[in-house]
Amino acid sequence: MEKTDVLILGAGAAGMFCAIEAGRRGRRVLVLDRARAPGEKIRISGGGRCNFTNLGIAPERFLSRNPRFALSALKRFTQWDFIARIDAAGIAWHEKVLGQLFCDGPATQIVDMLVRQMREAGVELRLGVEPGEIRRLAQGFEVDTPAGAVRAASVVVATGGKSIPKMGATGYAYRVAESFGLPVVETRPGLVPLTFAAQELERLKALAGLAVPARVSAGGTSFDEALLFTHRGLSGPAILQASSYWREGMPLLVNLAPGGDPGPALRAARSEQPRSAARTVLARHLPERLARHLETVAGIEGPIGAQSNATLDRLAGLLRGWELRPVGTEGYRTAEVTLGGVDTDHLDARTMEARAVPGLHFVGEAVDVTGWLGGYNFQWAWSSGWAAGQAV
Ligand code: FDA
């Protein structure tokens, strides 16, 4: 029977970081992953440059049924701590926008750093191994693997969420949680493009491919970033962000004039260029195709000079609060993250250990903590992995 101190399931961002910490503390650590390579999501993230953290890490930028849960780990291992690791490894980086930090070179530098540091910390990594059932013993746990059972004093479940099944996402962590009686907060795709019903798609099809800066709100939370019209619906950073707050049946509010009320400018245009079409006036600030579409939605015919105050107010209102009604998301196929997960009420925020099952820890995306777009999710993986790594 193979024995180890710490068995970590999943060699993604959270699992590898946890392994390094535990190994450096002198623990005997074995990491198993069903994939052929570790850290595959790190490799493809951030368009191949890995947006590895964000300067603006704050608890309100994470979604969870208990928004305060993440605070402990995020405070004990911060974005600055991770930046120090990246600097020490000689990995060059830059800030893109909104505090988002990316590698200058390929994201594989981060995977290589983690694999090297695991090796230096004496961690054993085994790939292509799918763990099975986890059984609790009088002391520790026994985990089935195709090559026989492994016994460990602590088990860390770091197998991520359900996003991108093509890359090997399995939902294994939720099954483990449930097998130990730990509740799982309902999971759904997050940071995901939204889709329209066929009729709406038909109405908006002329806009496919357009990107515009906008303030997009869902469920009372707003994001000022780019919005992209696609052949299926909506995408772009503003939509991905809003998608985590959107629920079926909810409208999305799009503000195309977040800088202020466009009403006065429309009235000024009416007196200064009365023979122009409203779309021509709008096209000074918006793509022509979008200007034309909004003119139609507002029901405007004839030149701007012929429009009443009420009509111009309606157009201004549309620009500040265009209501769009997606019917769904593109699902886990393209979602960057999984919302929901192992219920934080049942985990210790300092150690990520299940309160009712001493020795069993959950880290990373498997937990009901989901960050905004922009490096927040990797920071959660590093911070939660670090926290468990100090305790196992
Ligand atoms: P992760 O999913 O990284 O790792 C889980 C590991 O467990 C994998 O190696 C998997 O093979 C393994 N596994 C799964 N099931 C298993 C099983 N049954 N048995 C054994 N092993 C199993 N975030 C961010 O902050 N900045 C960014 O730039 C991006 N970019 C990005 C792009 C794309 C396309 C996606 C899909 C996601 C992102 N993300 C992101 C999100 C980020 O990738 C994600 O939050 C972290 O990878 C989560 O880290 P974990 O270690 O928890 O899971």
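Numbers at a glance
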read-out	value
Looking only at the stretch 55-89, and only at residues there that are closer than 22 Å to residue 341 by Cα and polar (S, T, N, Q), the one that is nearest to the ligand (Cβ to nearest atom)	64
Qualifying residues in the stretch 295-339 (those that are of a type in the set (Asp, Glu) and within 30 Å of residue 182 (Cβ to Cβ)) - the one least open to solvent (accessible area, probe 1.4 Å)	330
Single residue of 220, 190 found to be under 30 Å from residue 284 (Cα atoms) and of a type in the set (Gly, Ala, Ser)	220
Residues of the stretch 148-206 classified as outside any loop (DSSP other than H, G, I, E, B) and within 16 Å of the ligand (Cβ to nearest atom), total	22
The stretch 74-118: number of residues that are among the hydrophobic types (A, V, I, L, M, F, W, C), touching a residue at least 12 places away in the same chain (Cβ under 8 Å) and assigned to a helix (DSSP H, G or I)	10
Residue in the stretch 2-16 that is nearest to residue 143 (Cα to Cα), counting only those that are within 8 Å of the ligand (Cβ to nearest atom) and outside any loop (DSSP other than H, G, I, E, B)	9
Residues that are at pLDDT 95 or above and acidic (Asp, Glu), drawn from the stretch 25-74	33, 40
Unique match (being farther than 27 Å from residue 138 by Cα, buried (at least 22 other Cβ atoms within 10 Å of the Cβ) and among the β-branched types (Val, Ile, Thr)) among 363, 342, 369	369
Verdict on residue 86 being over 15 Å from the mean Cα position of the chain (by Cα), in the same structural domain as residue 156 (by TED's automatic domain parsing) and over 18 Å from residue 237 (Cα atoms)	yes
Qualifying residue in the stretch 62-81 (condition: in contact with a Gly (Cβ under 7 Å, 6 or more places away or on another chain), under 25 Å from residue 164 (Cβ atoms) and crowded, with 19+ Cβ neighbours inside 10 Å)	yes
Hits in the stretch 24-54 - residues which are open to solvent by 50 Å² or more (accessible area, probe 1.4 Å), over 18 Å from residue 110 (Cα atoms) and either assigned to a loop (DSSP other than H, G, I, E, B) or within 14 Å of the ligand (Cβ to nearest atom) (or both)	25, 26, 27, 28, 34
Candidate set: the stretch 56-79, residues that are among the basic types (Lys, Arg) and over 15 Å from the mean Cα position of the chain (by Cα); chosen: the one farthest from residue 240 (Cα to Cα)	76
Residue 350, sole failed condition from (1) surrounded by fewer than 16 Cβ atoms within 10 Å (Cβ to Cβ); (2) at negative phi; (3) out of contact with any helix residue (DSSP H, G or I) (no Cβ under 6 Å at 6 or more places or on another chain)	(3)
Any hit, the stretch 130-141, residues being among the polar types (S, T, N, Q) and either outside any loop (DSSP other than H, G, I, E, B) or within 14 Å of the ligand (Cβ to nearest atom) (or both)	no
Residue 121 free of Cβ contacts under 8 Å to residues at least 24 places away in the same chain, farther than 26 Å from residue 241 by Cα and assigned by TED's automatic domain parsing to the domain that holds residue 42	no
Qualifying positions in the stretch 334-363 - without any contact (Cβ under 8 Å) to a residue 60 or more places away in the chain and part of a loop (DSSP other than H, G, I, E, B)	348, 351, 355, 358
Among the residues listed as 371, 385, 331, the single one being more than 9 Å from the ligand (Cβ to nearest atom) and in contact (Cβ under 8 Å) with a residue 40 or more places away in the chain	331
Exclusive hit being closer than 21 Å to residue 370 by Cβ and either open to solvent by 40 Å² or more (accessible area, probe 1.4 Å) or without any contact (Cβ under 8 Å) to a residue 12 or more places away in the chain (or both), set 224, 261	224
Search result, residues across the stretch 133-159 that are open to solvent by less than 30 Å² (accessible area, probe 1.4 Å) and farther than 12 Å from residue 1 by Cβ	134, 141, 154, 155, 156, 157, 158
So residue 45, is it under 20 Å from residue 347 (Cα atoms) and touching a residue at least 12 places away in the same chain (Cβ under 8 Å)	no
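Quick grid of which residues meet (1) buried (at least 17 other Cβ atoms within 10 Å of the Cβ); (2) not hydrophobic (A, V, I, L, M, F, W, C):
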residue: 191; (1), (2): yes, no
residue: 202; (1), (2): no, yes
residue: 235; (1), (2): yes, yes
residue: 266; (1), (2): yes, no
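The values are calculated or read from the model by the stated rules, or taken from the named source; none is laboratory data. These numbers were taken from a predicted model, which means no experiment stands behind them. Please note: Cβ atoms are built from the backbone with ideal geometry, for glycine as well, and neighbour counts cover all protein chains shown. Just so you know, the surface numbers come from the protein's heavy atoms only, side chains and all, with ligands and any DNA or RNA stripped out. Shrake-Rupley method; radii C 1.70, N 1.55, O 1.52, S 1.80 Å.
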